[in-house]
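The values are calculated or read from the model by the stated rules, or taken from the named source; none is laboratory data. Everything numeric here is computed off the predicted structure, so don't read it as measured data. Neighbour counts run over all protein chains shown; Cβ positions are idealised from the backbone, glycine included. Just so you know, the surface numbers come from the protein's heavy atoms only, side chains and all, with ligands and any DNA or RNA stripped out. Shrake-Rupley method; radii C 1.70, N 1.55, O 1.52, S 1.80 Å.
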Amino acid sequence: MIKLYGVRTSPYVRHARVALAESGLSWQFEQVTPDTITLSPTLRVPFLIDGDLTLTDSAVIVRYAREQSGQTFLPSVSDHELFALATSVLDTAVNLYLLNIGDSAALAEVATGTSAIGFNPRTYYERQQERIVAGMKGLDQFELNASAPFSDGHIRLACLLDWAGYRETIDLSGLSNLSAHLTRIREWPTFAETAPDR
């Protein structure tokens, strides 16, 4: 049986759970533990084990679930671009979330000055914030489905948006297309059943 390891709050794990739920394959979700995380060569989640096969990237896991069930993964260049841009913004937002800099007072505590390779932590943080804002504006320009079926680009975007709301990391004010997409996809049972608090 396929086993997907992860934590429910991870947006990457959530996308894999959605794809597996849609696949009709026999699988189970395993909450990762300090013992089971060592089964992943990257020591991160999600990872999937199916017999002798171990997959360690959410995009590869989603593709595997789609292909094993005869479904399409990223059927167009536009959908692939939506998936890639949503993933890029998500990666950036998760990295900033993990830095635990929640406000300007916390940012003031970040060291300034450059390292031997020219790295400045405060400039890095500010640039990543700019990337998120620009990326969200770009995502808001996509044509998004009004109802299911949702492509993996749409699902990855929804995982980003719902995680951002759950973690209170990204403001959707003024991004009416993205806000509407999140409202619609939250009504889709497969997405609702994988919410972080379920």
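At a threshold of 8 angstrom on Cα-Cα distance, excluding pairs fewer than six apart, so keeping six or more, what relative contact order does the stretch 35-102 reach in percent? Numbers along the way, then the final one.
Numbers: 33 pairs, mean separation 9.5, N = 68.
Dividing the mean separation by the residue count of the stretch 35-102 yields 14 percent.
Among the chymotrypsin sites (Phe, Trp or Tyr not before Pro) within the stretch 114-198, which fall in a DSSP loop and have no more than 16 other Cβ atoms within 10 Å of their own Cβ? Could you put the intermediate results ahead of the total?
Working: sites: PHE119, TYR124, TYR125, PHE142, PHE150, TRP163, TYR166, PHE191; in loops: PHE119, PHE142, PHE150.
Filter output for the stretch 114-198: PHE119.
Taking R0 as 25 Å, what's the FRET efficiency between ALA180 and ALA84 from their Cβ-Cβ distance, rounded to 0.05?
Working: r = 22 Å, r/R0 = 0.87.
The calculated FRET efficiency here is 0.70.
Mind giving me the FRET efficiency for GLN128 and THR72? R0 is 35 Å, r the Cβ-Cβ distance, nearest 0.05 is fine.
Working: r = 33 Å, r/R0 = 0.93.
Calculated value: 0.60.
Between ASP52 and ASN120, what's the calculated FRET efficiency when r is the beta-carbon distance and R0 is 41 Å? Round to 0.05.
After rounding, the FRET efficiency stands at 0.35.
Just the accessible area per residue of the chain, please: how many Å² with a 1.4 Å probe?
Details: 10350 Å² over 198 residues.
Averaged over the residues of the chain, the accessible area is 52 Å².
What's the angle, to the nearest 10 degrees (0 to 90), between helix 152-167's Cα axis and the longest principal axis of the chain?
Orientation of helix 152-167: about 50 degrees from the principal axis.
Taking one equal scatterer on every alpha-carbon of the chain, how large is log10 of I(q)/I(0) by Debye at q = 0.08, 0.11, 0.12, 0.17 1/Å?
-0.29, -0.54, -0.64, -1.17
Net charge near PHE142: determine it from the other residues with C-beta under 13 Å of the C-beta of PHE142, scoring Lys and Arg +1 and Asp and Glu -1.
Working: positive: LYS137, ARG156; negative: ASP79, GLU81, ASP140, GLU143.
Charge balance near PHE142 sits at -2.
Can you give the relative contact order of the chain as a percent, counting alpha carbon pairs under 8 Å and 6+ residues apart?
Working: 237 pairs, mean separation 50.3, N = 198.
Over the chain, the number comes to 25 percent.
Taking the Cβ of ILE132 as the center, what net charge do the other residues with Cβ under 14 Å away carry, scoring Lys and Arg +1 and Asp and Glu -1? Provide the component values of the computation, followed by the final result.
Working: positive: ARG127, ARG131, LYS137, ARG167; negative: ASP91, GLU126, GLU130, ASP140, GLU168, ASP171.
Residues close to ILE132 contribute a combined charge of -2.
Only Lys, Arg, Asp and Glu count, each charged at its Cβ (+1, +1, -1, -1), so figure out the dipole size of the chain about its Cα centre, rounded to 20 debye.
Numbers: 16 positive and 23 negative charges, 12 e Å.
Computed about the Cα centre, the dipole is about 60 debye.
Could you check the simple spin-label distance between SER147 and ASP91, using points 7 Å along Cα→Cβ, in nm with one decimal?
About 3.6 nm, to one decimal.
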